[in-house]
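One structure is given below, encoded as structure tokens.
The values are calculated or read from the model by the stated rules, or taken from the named source; none is laboratory data. Every value quoted in this text rests on a predicted model; they were computed, and no experiment measured them. No Cβ is skipped: glycine too gets one built from the backbone with ideal geometry, and neighbour counts run over all protein chains shown. To get the accessible areas, we keep the full protein, side chains included, count just its heavy atoms, and leave off ligands, DNA and RNA. Shrake-Rupley method; radii C 1.70, N 1.55, O 1.52, S 1.80 Å.
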Amino acid sequence: FFNKEGDFNNLTAAAYHKKTHLLVTGFASGVFHLHELPDFNLIHSLSISDQRIASISINCTGDWIAFGCSGLGQLLVWEWQSESYVLKQQGHFNSMVSLAYSPDGQYIVTGGEDGKVKVWNTSSSFCFVTFTEHNSGVTAVTFSSTGYVVLSASLDGTVRAFDLHRYRNFRTFTSPRPSQFSCLAVDSSGEIVAAGSQDSFEIFIWSMQSGRLLDVLAGHEGPISSLSFNPMKCVLASASWDKTVKLWDMLDSWRTKETLIINSDVLVVAFRPDGKELAVAALNGQITFWDHENAVQTGSIEGRHDLQMGRKELDKITAKQAAKGKSFTTLCYSADGQSILAGGLSKFVCIYNVKEQILMKKFEISCNHSLDAMEVCEHRSLFLISSPPQDFDFDITSHQEKMTEFGSMALIDEGGGGDMSYRHFKPEIRVTCVRFCPTGRSWAATTTEGLLLYSLDSGLIFDPFELDIDITPSNIHKTLSQKEYTMAIVMAFKLNEKKLIQEVIEAVPSSEVDVVCSSLPDLYVEKLLEFLASAFETSCHLEFYLIWAHKLLMLHGQKLKTR
């Protein structure tokens, strides 16, 4: 039917809703059609994107239609009867480069290589405003201390300030000669804005109030890689590829107070929240800690091995050899200043204890093997295939299996036939920026996989059910100690805290399970089955939970079926 005009190759996604006889079709041009079957009446047709529609889904009532466009990372939910959007979300087109938390931890701002600055709500995870004023990649973003102003630096030679009350770009800071800005910092008062240049090796200082250029700090002999203001004093730390960190004193008309000599190119610098310590990460993979007042090094962490670099498909050397050239590219202190978060060109983010200088935890941010540099295995064996090749079922997932007698399969372009447009590449896994939430309860990272949030509070949502004044954890424990198991389970479900429910259920002796199941009210049977279903995924008490499930289904199965 669609091929009447000969454009059938454009159809990329379709979905059908049985009850309402709706057929939704999506096309490569970003257009979708809504038809009523079996008469094939066109209800309406609309263009929602300039990229192909990758997937379509219809909700159970048939009112809402969801569209996904993978090219731009778009998600749209459309109500077709009122012809309006229920939801409209879009990620960064290219990778995200930088992020910053607002002072209250409620919002995150991200900057991407697509030149966009996006502000996200941390509780709903939705982006609620996008600024598109930059003409080139954004390299750094930050919030002012008030939390109402977002600043971004870009390779287009501007630093822009955005107002979160009116959603507008109210200040644009530029340098006398166009410079590509690679890093950004705002002092604790929110009055002084500093940006480092990667081509003229200078640091530019502006006034937020007037937008005027106040000073240009020269002295570094390489690109400026990172800037950080001391939260407690008017001191700016600047890191550069010239193997130095310079400390500039604002009150002493921006004179260089100290120059710290690092034995490798410096990639990132960060002050502890109390301003008394400075952390520096360099190209040799070391993180060093400095008492900047006296220019004395107080400690160092060898981080190269913790990055545990994966081997890329086209690498000629092992991951272990490659790790010698690896380093952390982003650092951030925790809110209490006791630990430091570090990430780089690797799938791992490491948390170190600063005082003890030991690795406390390593987070693996992805297990997606369609990204490059995910392989950590060390096999260099070469297969010599003597038996007929069809006996080998090659699963092309790891380096070892990609090795054939002709060398690595990854080096061979398949079906390219010399046509460059057929070549495929894998994005490499990397962490571009990590930041701790000011509340100290969570942290975020911008990665090849998107913006990731890690939190201590994820499971704690207070959602009670038919709660009354007597239901408290201590009363539940009291009921449990009196061996009134059914009552304790009902009370635990009323309070609805997962840990407590688990504790109560696991306190019931297996001999009592039958009795408890038979005396449990119907409403709580369903709740208990839901709980068991999730417990099977994680619990080691498999037989115990199976006894529960078996008894519940034997006793209440018929009732559940009729409902």
(request) Quick one: count up the residues across the stretch 144-169 that are in a strand (DSSP E or B) and of a type in the set (Gly, Ala, Ser). (result) 4
(request) Collect the residues in the stretch 187-218 that are farther than 24 Å from ASP242 by Cα and without any contact (Cβ under 8 Å) to a residue 40 or more places away in the chain, keeping them in residue-number order. (result) GLU191, SER207, GLN209, SER210, ARG212, LEU214
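Yes/no per residue for (1) in a loop (DSSP other than H, G, I, E, B); (2) open to solvent by 70 Å² or more (accessible area, probe 1.4 Å); (3) touching a Ser or Thr at 6+ places or on another chain (Cβ under 7 Å):
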| position | (1), (2), (3) |
| --- | --- |
| LYS19 | yes, yes, no |
| PHE32 | no, no, yes |
| ILE43 | no, no, no |
| SER49 | yes, no, no |
(request) Go through (1) farther than 24 Å from PRO464 by Cβ; (2) open to solvent by less than 40 Å² (accessible area, probe 1.4 Å); (3) not basic (Lys, Arg) one by one and return the number of the condition CYS517 breaks. (result) (1)
(message) With the requirement that a residue be in a loop (DSSP other than H, G, I, E, B) and among the hydrophobic types (A, V, I, L, M, F, W, C), what does the stretch 108-139 give you?
(response) PHE126
(message) Quick check on my filter: what residues within the stretch 170-203 are under 14 Å from MET250 (Cβ atoms) and part of a strand (DSSP E or B)?
(response) ALA185, VAL186, ILE192, VAL193, ALA194, ILE203
(message) Suppose we filter LEU260, LEU236, LEU214 for residues that are surrounded by fewer than 19 Cβ atoms within 10 Å (Cβ to Cβ) and part of a strand (DSSP E or B); which single one remains?
(response) LEU214
(request) State the number of residues belonging to the stretch 84-113 that are in contact with a Ser or Thr (Cβ under 9 Å, 6 or more places away or on another chain) and charged (D, E, K, R). (result) 2
(request) Take LYS498 and decide whether it is exposed (fewer than 15 other Cβ atoms within 10 Å of the Cβ) and in contact with a Gly (Cβ under 7 Å, 6 or more places away or on another chain). (result) yes
(message) Can you go through PHE229, PHE181 and tell me which one is within 14 Å of VAL159 (Cα to Cα) and open to solvent by less than 30 Å² (accessible area, probe 1.4 Å)?
(response) PHE181
(request) From (1) more than 15 Å from VAL490 (Cα to Cα); (2) over 37 Å from the mean Cα position of the chain (by Cα), pick out the condition that doesn't hold for ASP522. (result) (1)
(request) Being in a loop (DSSP other than H, G, I, E, B), touching an Asp or Glu at 6+ places or on another chain (Cβ under 8 Å) and open to solvent by less than 10 Å² (accessible area, probe 1.4 Å) is the filter; apply it to the stretch 266-307 and report the residue that is farthest from LEU341 (Cα to Cα). (result) HIS292
(request) Could you list all residues from the stretch 427-455 that are open to solvent by 60 Å² or more (accessible area, probe 1.4 Å), in a strand (DSSP E or B) and within 12 Å of CYS332 (Cβ to Cβ)? (result) ARG435
(message) Suppose we filter TYR85, TYR101 for residues that are open to solvent by 20 Å² or more (accessible area, probe 1.4 Å) and either free of Cβ contacts under 8 Å to residues at least 12 places away in the same chain or touching a helix residue (DSSP H, G or I) at 6+ places or on another chain (Cβ under 9 Å) (or both); which single one remains?
(response) TYR85
